[in-house]
Structures are given as C-alpha cells and as structure tokens.
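Heads up, the thing below is written out as structure tokens.
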Amino acid sequence: MKPLMALVSFKQAKWCFFLCSLICSISFSSYAQKVVYPLSNDISSDLITSIDSDSDGSDTVDMLNKMREAVQNSDYKLYFVIQNENENPKSYEYTYIGSQSNKKGDLLYLEGSSKEIILHDNIVSHFLTDSASFSIGANHIVEAFPDVIYNNFDLLTPYYDFINLGKARMANRSSQLIRIVPKDKDRYNYVIWIDDQNYLPLRIDLLDLDAKIISQTKVILVDFNFDKQQFANYIADRDYPILFPIDKQVSHNYDWQASWIPKGFKEINAYSIDFHNVNIDTRRFSDGIFSFTINISPRSLSDVTYLSVQGDRTIYSTNYGKQNVIVIGNLPAETIKQIAHNLKLK
C-alpha cells in the first residue's frame, strides 16, 4: 500500500476490499512469509530460436484468434505457475473439456490452503477451506487465464499492434512468441508464447510501461491424454454450493459521468450495490484486454486519498464534494488516477 496523504480509514478500506472481491470474484488468503523469488525482468534473446516476418500483422492476429478458439474449445490438462511482482510463485493444475457443448473446467490450487474452482453448467463454484464456498454465474474460470486470451483480436487492431517476435520454446514445445503493444501509453503490454501445434498459450507475460514483467503465467506440462470420461464423471458427481446472491440492480444514475477514458474502452455494465446500507454506484469499462470499474458512494468521514498497486491491480480512492470515488483496474496507476480526476459529478 502506498499512502498519499494518511492512513486509510477502516470503513473505506472495507469498501475497497469488498468491491475488489466482487469484481474479480477472487477470495484472498493469507500465507506464511516465505522468500520471494524475483521475476525475470526481460525477454531474453536466447529464448527466441528464429525470427518470422509478418509485415501487416494479419498472420499474427490469426494466430491469436486460433489461441482463443483453442483455449475455449479444446480438451487439455495444464500444470502451470503464476507469479506476480514481489510475490511468491504459485502452482496450479487446470483441466478443461471444451469440445462438448456443456464445457467443464477444474482449477486446483497446489499450494497453500486447499482451494478448487469448478466450471459446470455455466456456473463457477469456489470450494474453500478457510471461508464459505460459493457459486456464481459465469462461462469460464477467470483465475485460469487473463482476459486477453478470450478476445476477437480483429476488433483490437485500432488500439494495439501485434508483433511476431519469432519462434521460441516453452514447456518443451515449439511456440510462436507474440507481443501485444498498445498504441498509447495508457495501458500495459503482453507477450504470449503460443503452441505451434495446438495454439494453447504456454506463457503469458504482462509488462509495464518500462517492459518490466509484473505478472507471469508459465505452463510447465501439457497433457492431452488425461481420462476425459473420469473427469466428466468427477464434475457430474460433485455437490455444489448454492449461487451466491449479490444484491445489485441496474443503475440509472446519471449524476456522474467519466469525461476521459482510454481509447477503445466501452461501458460494459452499470449497477448499484447495497453494501451495509450504503449505496455504491458502479460502472465497468473494458477494451477487451484490460478493464476498470468506477465506484461512487457517499463521501467518507476521512479526507484520505490513497493509491495501492499490487501486481497488475491498481486501486485509487479519493473524495470529491459529497462523493467518494474508487477506481479499480488492471491499468497503470497514472491512467487510473487520470480517470478518477476527470469525472464529472453533479
């Protein structure tokens, strides 16, 4: 946490935690202190075995679209590691059946407190040991892959350049190394290793504006020969927690608007949440790769303005007039602050 003026009030911090948990559908757990292993901060040239030329980028965009199709419609089991900047790496097992109309997935956390996330019947169920299990309506497990994987990349060419960096090797498999670069300085970069044969992503690096890796997903092993029937039976035989009720209503609050957002971002949804008898008006924006939410509530008792940057997630909170503004997103801190400072409040 990086305070700008003073310590944040407990009530304000509680709102931020609630909003962040709701938006991301992620349960936060505490782990014992360990040595933090630093991320490699560059894309070493020895990882690239050859350079491919794609002058207009069309082949690169086509490969990215094939990656999206493979992730959603193939059957596979992956063992991978995720590491965020200044955090310990964490290992996972992800099993997925996408070739059937009723897609099934299972993300198993292999370290720390026992945790499992299962996709079934367009519902995602979270099984936790240190808090209550719950289910939410969703068509994929957001913790398995970042949003960038699920895009129609043809629609993103006005805002991003797609660069083929050549062939590389990852998880003992030949792959294409592709960099996704925004045409402005308002968002991060991605570098993705895509399997030459099956088009699954084998490594996903999120880079900041200085090309420093701030989050990395790295596949260690790919298994296409797992017992699919046994896995389907396992999903079918589980008992699932009930759907998590979220008291939210579609928002028709026109008392505020965002006068500046990065190019390509559009409002995805707007709703009001009743949290401990406090109304929070929320709007979510996305360009397909990155997203942020603007959350407006009554002014807090504290005049604290603060900024928190953890991995790719930035949280910025401040007061304007009678309103408290919290902006949460996977964007650079300066972009998040610029969004917050360019709100028009009535």
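Here, each number is a calculation from the coordinates, and none is a lab measurement. From a predicted model like this one, the values you see are computed outputs, not experimental measurements. Don't worry about glycine lacking a Cβ; one is built from the backbone with ideal geometry, like all the others, and counts go over all protein chains shown.
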Inset, instruction - Taking the Cβ of S125 as the centre, find all other residues whose Cβ is under 13 Å away and add up their charges (Lys, Arg: +1; Asp, Glu: -1). - result: -2
Inset, instruction - Would you grab the residues whose amide H sits under 5 Å from the one on S291? Only those 5+ places off in sequence or on another chain, please, with H modelled 1.01 Å from N. - result: N330
Inset, instruction - Show me 218-224, 63-69 ranked by packing, highest mean number of other Cβ atoms within 10 Å first. - result: 63-69, 218-224
Inset, instruction - Between the alpha-carbon centers of region 122-155 and region 160-219, tell me the distance in whole angstrom. - result: 21 Å
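Residues with beta-carbon under 9 Å from that of Y190, excluding Y190: net charge, scoring Lys, Arg +1 and Asp, Glu -1? It would help to have the intermediate numbers written out before the result.
Numbers: positive: R179; negative: D205.
Charge balance in the 9 Å sphere: 0.
Considering only the other residues whose Cβ falls under 11 Å of the Cβ of K218, what net charge follows from Lys and Arg at +1 and Asp and Glu at -1? Could the numbers behind the result be given before it?
Details: positive: R203; negative: D205.
Neighbour charge sum, excluding K218 itself: 0.
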